[in-house]
Amino acid sequence: MSTFLLVHGAWHSGRCWERVVPLLEPAGHRVLTPSLTGYGDKAHLLGPDVGLDTHVDDVVTAIGDHTDVILVGHSYAGLVISSAANRVPDRVEHLVYLDAMVPADGETAVDVQPVTQSLIDLAARSGDGWRVPPLPQQPPPLGLFGVTDPADIAWLRTMISDGPVRCLQQPVRLDNPAVNAIPRTHIHCVGATPDGITRRPVPAVQPNGCPSQVWELPTGHDCMITMPTELSGLLLKLAP
């Protein structure tokens, strides 16, 4: 049995995985879907001091004493799982970057995705100076985080909320050589992509020396909502 720890991206909550969990658990695996501080059932903890380091602490706590963790990070959570694996590399069996930011040591969200600076600037000019509102819905085929079905959009709106700007400003730590031994898989959502969003090319070779593994899903960004069956099928391939 493996432990799938599914980490949501910015503005979302752990509820976004509700369609995936029932597809992984029947195969005999443990599935954890915590909400990061400031989101979902932890929304009341949102504040200016919440940042990337806070979310890394959340994930390390969720890992606990498990030693067979397939750590999946969606979008912004690519930064989170990277630093978390750096902290406890002996407990992580596999890293999965799900349409995610893939950082190097010392990089922030802005380094990985430069368009993120516009969100920081927006937060500085409005409100209390540290809140970043969710990205707005756009006409199809972009929709809301790549979700275009009206019923799905309505459901998604029940779980998204403002995020803290500090998450986009704190740097990732990847200075533990042991983290390089962890196998990686990249899953790219190759549906419509908003202007300004770029994806770094995946190197041909992983940090552990093995050939890189890149899979694609023909859908928008929130594939756990739009293609849960196909996503779950890919994740199950990674379990021993």
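The values are calculated or read from the model by the stated rules, or taken from the named source; none is laboratory data. Keep in mind it's a predicted model, so treat the numbers as computed, not measured. Don't worry about glycine lacking a Cβ; one is built from the backbone with ideal geometry, like all the others, and counts go over all protein chains shown. All accessible areas refer to the heavy atoms of the entire protein, side chains included, with ligands and DNA or RNA removed. Shrake-Rupley method; radii C 1.70, N 1.55, O 1.52, S 1.80 Å.
Which residue, of Val190, Val147, Val202, is under 18 Å from the mean Cα position of the chain (by Cα), over 21 Å from Val102 (Cβ atoms) and not polar (S, T, N, Q)?
Val147
Working only within the stretch 1-36, note down all residues that are among the polar types (S, T, N, Q) and out of contact with any strand residue (DSSP E or B) (no Cβ under 8 Å at 6 or more places or on another chain).
Hits for the stretch 1-36 are Ser13, Ser35.
Inside the stretch 201-240, can you point out the residues that are closer than 27 Å to Pro114 by Cβ, open to solvent by 30 Å² or more (accessible area, probe 1.4 Å) and in contact with a Pro (Cβ under 9 Å, 6 or more places away or on another chain)? Don't jump to the end; show me each part of the working.
Initially, the stretch 201-240 is screened for residues closer than 27 Å to Pro114 by Cβ, giving 201-207, 212-226.
From what's left, open to solvent by 30 Å² or more (accessible area, probe 1.4 Å): 201-205, 207, 212-216, 218, 221, 226.
Hits for the stretch 201-240 are Ala204, Val205, Ser212, Gln213, His221.
Report yes if some residue within the stretch 130-152 is surrounded by 18 or more Cβ atoms within 10 Å (Cβ to Cβ), of a type in the set (Phe, Trp, Tyr) and either at pLDDT below 95 or assigned to a loop (DSSP other than H, G, I, E, B) (or both); otherwise report no.
Yes: the stretch 130-152 contains one or more residues that are surrounded by 18 or more Cβ atoms within 10 Å (Cβ to Cβ), of a type in the set (Phe, Trp, Tyr) and either at pLDDT below 95 or assigned to a loop (DSSP other than H, G, I, E, B) (or both).
Checking Pro26 against (1) closer than 24 Å to Met224 by Cα; (2) touching a residue at least 24 places away in the same chain (Cβ under 8 Å), which test does it fail?
Against the list (1) closer than 24 Å to Met224 by Cα; (2) touching a residue at least 24 places away in the same chain (Cβ under 8 Å), Pro26 comes up short only on (2).
Name the pairs whose Cβ atoms lie under 7 Å apart, with the first residue in the stretch 41-56 and open to solvent by 30 Å² or more (accessible area, probe 1.4 Å) and at pLDDT 95 or above, the second part of a loop (DSSP other than H, G, I, E, B) and among the small types (Gly, Ala, Ser), and 6 or more positions between them or separate chains?
Final answer for the pair search is Asp41/Ser35; Lys42/Ser35; Ala43/Ser161; Leu45/Gly38; Leu46/Gly38.
Could you please let me know if His186 is in contact with a strand residue (DSSP E or B) (Cβ under 6 Å, 6 or more places away or on another chain) and assigned to a loop (DSSP other than H, G, I, E, B)?
Answer is no for this residue.
Return the residues of the stretch 95-129 that are open to solvent by 70 Å² or more (accessible area, probe 1.4 Å), at pLDDT below 95 and not in a loop (DSSP other than H, G, I, E, B); say none if nothing qualifies.
Ala124, Arg125
So, in the stretch 156-198, how many residues would count as being of a type in the set (D, E, K, R) and either crowded, with 16+ Cβ neighbours inside 10 Å or on the phi > 0 side of the Ramachandran plot (or both)?
Qualifying residue count for the region: 4.
Please indicate, with yes or no, whether at least one residue in the stretch 60-68 is open to solvent by 10 Å² or more (accessible area, probe 1.4 Å), out of contact with any Ser or Thr (no Cβ under 8 Å at 6 or more places or on another chain), within 28 Å of Asp111 (Cα to Cα) and without any contact (Cβ under 8 Å) to a residue 40 or more places away in the chain.
Looking for residues that are open to solvent by 10 Å² or more (accessible area, probe 1.4 Å), out of contact with any Ser or Thr (no Cβ under 8 Å at 6 or more places or on another chain), within 28 Å of Asp111 (Cα to Cα) and without any contact (Cβ under 8 Å) to a residue 40 or more places away in the chain, one finds at least one in the stretch 60-68, hence yes.
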